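Asker: Structure incoming, see below.
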Amino acid sequence: MALPFRPPAGHKAHVSQDSTATKAMIRDQLAVLRRRMRREAAIDEAVCRLAARMNLRPDEAADHLRRLSRDSGIDLLEVARDVTPPPLAQAETREPVVPAWMTGVLEALHASAAYLVPVKDAGGRVVDFLIAATNRHTKDVTGRGADQLRGRRLVETSPGVVKSGVLDDYLSVYESGAPLTRGPLEYVEARDGLLWPASIMVRAVRAGDGVLASWRTLDDEERLVAGWERAQRIAELGWGEWNLATGTAVWTQQMYEMFGRRPAEGPIRLEDLPAAVVAEDVPLVDEQMRTLLRYREATENEYRVQNRYGLRHLRTVSEPILDEDGLPVKIRMLVQDTTAGRRRERALAVAHEQAVTQRQRAEEEHQVAVRLQDSILPRRTGALDLPGLRMGLRYRPAEDVPRLGGDWFKARPLPDGRVLLAIGDAMGHGLTAVGLMAQMRYGLAGLAYTKADAAQLATWLNDLMYHNNEGVTATGTAIIGHFDPADRTLTWTSAGHPSPVLVRQGKATLLDHSPGVMLGAFESMSYELTTTVLESGDVLVLYTDGIVERRGLDVQAGLDALVGAAGDCHTDDPEESIACVLARLDGDISDDVCVIALRVL
């Protein structure tokens, strides 16, 4: 036996809290909308009242009201409420002429009707209409009857005719003589500071020197029908019915559009439906008709139709209508055009496939870059003894695939007794940066045996990068130097790289130097040498920019943090010094990091 559902503890309270919050949100939004509606109604009424009194067209009166607001610096609503209109202009003063037969015509109409005579300005231009006569059925959408409307200006009594375009329609009927039929129309009247929405039908014809207009508010059934027609257009739905006994069919307008037929051609006969479907989908229509006609059951199907507008994907829900003996006498079908949805699905599938391919390519590139980086720059552990120096090293590539970079170092004794010391950073990230790093490191390794000084090595390395990568921007930075253990001097140069940190007796400082241009940026660059005399017990820290670059901070803040950590972490063991520095800064490091600590013996 199935156990009754018991919501988890606190479920009711949780739902109640969510419901209360949503209810409050809806109430607040409705309050905002209603305030806007009242503002809009007050301004619309003021515009039309001003237009009637000044004998202007409503758009001219609206411009006048806006100018008053702008020139006075007062909100438009306050102007609409408080402004005193200019003196009443010369208006139509003669008694409107209503043809004798008009009364009979008005009373013959079973809808609200009025005879409108034109109101002209001093130049003879029609700016409004006077409601000269009405029938006994007349009532506007706010409920006012004939006695409250007759003898008054149209725009003053019914401001809604302006925004809805009905006033312009009446002017067109009067000037062109062409009759008007419009609707269902979503009409909004403004009265007493409120908006009164309604769905109406409007008709108008030229009659004598005026316009005979009639209107009626749609009842509930008509509004439902109108709403269903709008829903069909919005949701791209169509409906059709085939009478199996007579062979006739009825379609809505959307059905004609989906099947690419003109209404004059009539609906497709049921037996001709397979011919409208693409060949590959004919078996789906066969199954649909078999289910409806033989098995007499409702069915859902989806197939493609080729029409004059292109290929359409249609989803159908159809049912047979049976008589008392169970025979199908009608087929009814609801059809939805799903073409746009299928296109979106295909676009998403293509985008997903491209994303997967790009991710796989990035992962493959990362694996190649890591293997290449490890082969070029094997990771070391433990201190390394060099002539006159004891070296500690940390090389840590970025774990994030896109940020795998081109940091490198070189430290080795040379045949002339000096020690080559270098650290650098190739431009960019990924496989490109690793390849550029290989050029810089191997290029320097070969040039180092020429016995040239560090400045000349930097010049040659710059030319190598510049000419080996023509057509491609390939740059990098480096510190290149030689340590002479005989006199403990470091002769070095900088190619756009951050200065080394010298720690002496527990105090850390950045070494002064002449900054040079980064490698590969320009042809035939020269670099200056800097000579630093070191002492026994000094610690020299070389590093790449990954350790000093912080999100949201400038590089100087990172340098200050590094100098402070290097001073605090001064020990006789360079490995321990590096470990301490990285521990101090590790939380802010996201890029590649290479750090060398050299203790002078």
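Asker: What ratio of Cα Rg to 2.2 N^0.38 Å holds for the stretch 84-217? Intermediate results must be reported in sequence, preceding the final value.
Answerer: Details: Rg = 14.3 Å, N = 134, 2.2 N^0.38 = 14.1 Å.
Taking N as the residue count of the stretch 84-217, the ratio is 1.01.
Asker: On to the next question. Can you pull out the trypsin sites (Lys or Arg not before Pro) in the stretch 193-281 whose DSSP state is coil and whose Cβ has at most 16 other Cβ atoms within 10 Å?
Answerer: Numbers: sites: Arg203, Arg206, Arg216, Arg223, Arg230, Arg233, Arg261, Arg269; in loops: Arg261, Arg269.
Here the sparse-neighbourhood loop sites are Arg269.
Asker: A further question on this structure: Tell me, what is the percent relative contact order of the stretch 133-190, built from C-alpha pairs under 8 Å that lie six or more residues apart? Kindly include the intermediate steps, with their values, before the conclusion.
Answerer: Values: 34 pairs, mean separation 17.6, N = 58.
Across the stretch 133-190, relative contact order equals 30 percent.
Asker: Something else about it: Size of the dipole of the stretch 214-322 about the Cα centre, Lys and Arg at +1 and Asp and Glu at -1 on the beta carbon, nothing else charged, in debye to 20? Please report the intermediate quantities before stating the final value.
Answerer: Details: 14 positive and 19 negative charges, 63 e Å.
Here the stretch 214-322 has a charge dipole of around 300 debye.
Asker: Can you compute 3J(HN,Hα) from phi for each residue in the stretch 67-72, using the Karplus curve 6.51 cos²θ - 1.76 cosθ + 1.60 with θ = phi - 60°, rounded to whole Hz and x for Gly and Pro?
Answerer: Ordered by residue, 3J(HN,Hα) equals 5, 4, 5, 5, 5, 8 Hz.
Asker: Could I ask something else about it? How much solvent-accessible surface does Lys120 expose, in Å² to the nearest 10, with a 1.4 Å probe and all protein chains in place?
Answerer: Answer for Lys120: close to 80 Å² accessible.
Asker: Let me ask you something else. Using the Cα atoms as the points, what is the convex hull volume per residue of the stretch 418-524 in Å³?
Answerer: Details: hull volume 11.5 nm³, N = 107.
Roughly 107 Å³ of hull volume per residue.
Asker: What three numbers, in Å, describe the spread of the alpha carbons of the stretch 271-334 along their principal axes, ordered from the longest?
Answerer: Reported extents, whole Å, longest axis first: 42, 19, 18.
Asker: Now a separate question. Enumerate the calculated ³J(HN,Hα) couplings along the stretch 459-467 in order (Karplus 6.51 cos²θ - 1.76 cosθ + 1.60, θ = phi - 60°), each rounded to whole Hz, writing x wherever the residue is Gly or Pro.
Answerer: Per residue, the Karplus-derived 3J(HN,Hα) values read 5, 5, 5, 4, 5, 4, 5, 5, 8 Hz.
Asker: Taking the Cα centre of the chain as the origin, how large is its charge dipole in debye, to the nearest 20, when only Lys and Arg (+1) and Asp and Glu (-1) carry charge on their Cβ atoms? Show your work: numbers first, answer last.
Answerer: Details: 71 positive and 85 negative charges, 359 e Å.
My answer is approximately 1720 debye.
Asker: Still on this structure, please answer the following. On the accessible surface of the stretch 286-332, probed at 1.4 Å, how many percent belong to carbon and sulfur atoms?
Answerer: Numbers: 1220 of 2820 Å².
Result for the stretch 286-332: 43 percent of the exposed heavy-atom area is carbon or sulfur.
Asker: Okay, moving on. Given 0.36 nm per residue, what is the gain on full extension from Gln505 to Arg182 after removing their alpha carbon distance, in nm? Intermediate values should be presented prior to the final figure.
Answerer: Values: separation 323, 0.36 × 323 = 116.28 nm, distance 9.46 nm.
Extra length available between Gln505 and Arg182 comes to 106.8 nm.
Asker: Let me see the pair-distance distribution of the stretch 477-601: every alpha carbon pair, 5 Å bin width, integer percents in order.
Answerer: It works out to 2, 11, 20, 22, 20, 14, 7, 3, 0, in whole percents.
Asker: Whole number in Å², please: accessible area per residue of the chain, 1.4 Å probe, ligands, DNA and RNA not counted. Let's see the in-between values first.
Answerer: Values: 32050 Å² over 601 residues.
Here the per-residue accessible area is 53 Å².
Asker: Enumerate the residues in the stretch 274-313 having an amide nitrogen under 18 Å from the point lying 7 Å beyond the Cα of Ala347 toward its Cβ.
Answerer: 311-313
Asker: Related question: Put Val501, Val356 in order of accessible area, largest first, 1.4 Å probe: what do you get? Can you show the working numbers first?
Answerer: Working: Val501 0, Val356 40 Å².
Ranking Val501, Val356 by accessible area, largest first, yields Val356, Val501.
Asker: Please flag any cysteine in the chain that has no other cysteine's Cβ under 4.7 angstrom from its own Cβ.
Answerer: Cys48, Cys594
Asker: While we're here: With a 1.4 Å probe and all protein chains left in place, how much of the accessible area of the stretch 440-521 comes from carbon and sulfur atoms, in whole percent?
Answerer: Numbers: 1740 of 3450 Å².
Summing carbon and sulfur atoms, their accessible area is 50 percent of the total for the stretch 440-521.
Asker: Report relative contact order for the chain in percent, whole number only (criteria: Cα-Cα under 8 Å, sequence separation at least 6). Show your work: numbers first, answer last.
Answerer: On the way: 1067 pairs, mean separation 46.0, N = 601.
Normalised by residue count, the contact order of the chain is 8 percent.
Asker: Follow-up question, since we're still on this one. Tell me the label-point distance for the pair Leu109, Phe522, using the 7 Å Cα-to-Cβ offset, in nm and rounded to one decimal.
Answerer: 8.7
Asker: So for the pair Asp416, Leu30, with labels modelled 7 Å out along Cα→Cβ, what separation do we get in nm?
Answerer: Calculated label separation equals 9.0 nm.
Asker: So what is the 222 nm mean residue ellipticity for the chain from helices alone, if each DSSP H run of at least 4 adds -39500 (n - 2.57) and you divide by all residues, rounding to the nearest 500 deg cm²/dmol? Write down the numbers at each step before the final one.
Answerer: Details: 17 runs with 227 residues, N = 601.
That comes out to -12000 deg cm²/dmol.
Asker: Output the 0 to 90 degree angle, nearest 10, between the alpha-carbon long axis of helix 555-568 and the longest principal axis computed from the alpha carbons of the chain.
Answerer: That helix lies at roughly 40 degrees to the long axis.
Asker: Could you state, as a whole-number percent, how many of the C-alpha pairs of the stretch 143-211 are farther apart than 21 Å?
Answerer: Counting every Cα pair in the stretch 143-211, those more than 21 Å apart make up 27 percent.
Asker: In a Debye calculation with equal point scatterers on the alpha-carbon sites of the chain and no solvent, what is log10 I(q)/I(0) at q = 0.11 Å⁻¹?
Answerer: The calculated log intensity ratios at q = 0.11 Å⁻¹ are -1.02.
The values are calculated or read from the model by the stated rules, or taken from the named source; none is laboratory data. Predicted model only: the values in this text are computed from it and were never measured. All Cβ positions, glycine included, derive from the backbone under ideal geometry; neighbour counts span all protein chains shown. With ligands, DNA and RNA removed, areas are computed over all heavy atoms of the protein, side chains included. Shrake-Rupley method; radii C 1.70, N 1.55, O 1.52, S 1.80 Å.
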